[in-house]
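Step one of this worksheet: look at the structure below.
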Amino acid sequence: MSYIRANDTINGREGRAYAVINGKVEEMFYIKSLEATIEKEKAEIKMLGQRGTKHKAIGWSGSGSMTIYYTTSLFRELMLSYVDKGVDTYFDIHIVNEDPNSSVGKQDVTLKGVNLDKVIMAKLDTDSEALEEDIDFTFEGVTINDPFGKPGI
């Protein structure tokens, strides 16, 4: 029977992310968490002689969210560019998971055409020891540049 060793799981702190915005690379060291998902869009298909409804994939949609420490004005500036000038910014986020204790190696993924949905423009919180903000986004493409390997047994 095969199994995964505990040390082959990926430590969520062992990673890095970079945004490429207008050709400039921004290290995203302030990320607390980031998650991006793809959801299929499906049509319901009904057929003669069958009572059940079938489903057919007809497209997809990419969306995500990240929680960051409230230490950068970058995303507020991007949103303000849209508000003031009507210039919307699409950029890429490059995410690397690489836990040196795991035998699966690293995974390197690029989210393409990231576009912000909402951004906190200002924040105060007397109960918070470290201010955070949640940012929702969509993306238009994704590549797996380097997939995880198989775990050791």
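Among the criteria (1) assigned to a strand (DSSP E or B); (2) over 20 Å from the mean Cα position of the chain (by Cα); (3) surrounded by 13 or more Cβ atoms within 10 Å (Cβ to Cβ), the one S65 does not fulfil is (2). Looking at (1) touching a residue at least 12 places away in the same chain (Cβ under 8 Å); (2) surrounded by fewer than 16 Cβ atoms within 10 Å (Cβ to Cβ); (3) in contact with a Leu (Cβ under 8 Å, 6 or more places away or on another chain), which is the only condition I135 fails? Single failed check for I135: (2). Pairs meeting the criteria (first residue in segment 31-48 and without any contact (Cβ under 8 Å) to a residue 60 or more places away in the chain, second residue of a type in the set (K, R), beta carbons under 6 Å, at least 6 apart or on different chains) are A43/K56; I45/K54; I45/K56. Within segment 83-119, which residues are touching a Pro at 6+ places or on another chain (Cβ under 9 Å) and either aromatic (F, W, Y) or assigned to a loop (DSSP other than H, G, I, E, B) (or both)? If the condition is that a residue be touching a Pro at 6+ places or on another chain (Cβ under 9 Å) and either aromatic (F, W, Y) or assigned to a loop (DSSP other than H, G, I, E, B) (or both), then S102, S103, V104, G105 are the ones that fit. Number of residues in segment 17-43 that are part of a strand (DSSP E or B) and exposed (fewer than 14 other Cβ atoms within 10 Å of the Cβ) equals 13. Looking at A122, is it outside any helix (DSSP H, G or I), at pLDDT 95 or above and closer than 22 Å to R16 by Cβ? No: the conditions fail for A122. Every condition in (1) more than 19 Å from the chain's Cα centre (by Cα); (2) modelled with pLDDT of 95 or more; (3) not basic (K, R) holds for N101 except the one numbered (2). Cβ-Cβ distances below 7 Å connect the following pairs, each with a first residue in segment 81-107 that is over 21 Å from E27 (Cα atoms), a second residue that is in a loop (DSSP other than H, G, I, E, B) and among the small types (G, A, S), and a separation of six or more residues or different chains: S103/G152; V104/G149; G105/G149.
The values are calculated or read from the model by the stated rules, or taken from the named source; none is laboratory data. Worth saying up front: this structure is predicted, and the values here are computed from it rather than measured. Here the Cβ is made from the backbone with ideal geometry for all residues, glycine too, and neighbour counts use every protein chain on show.
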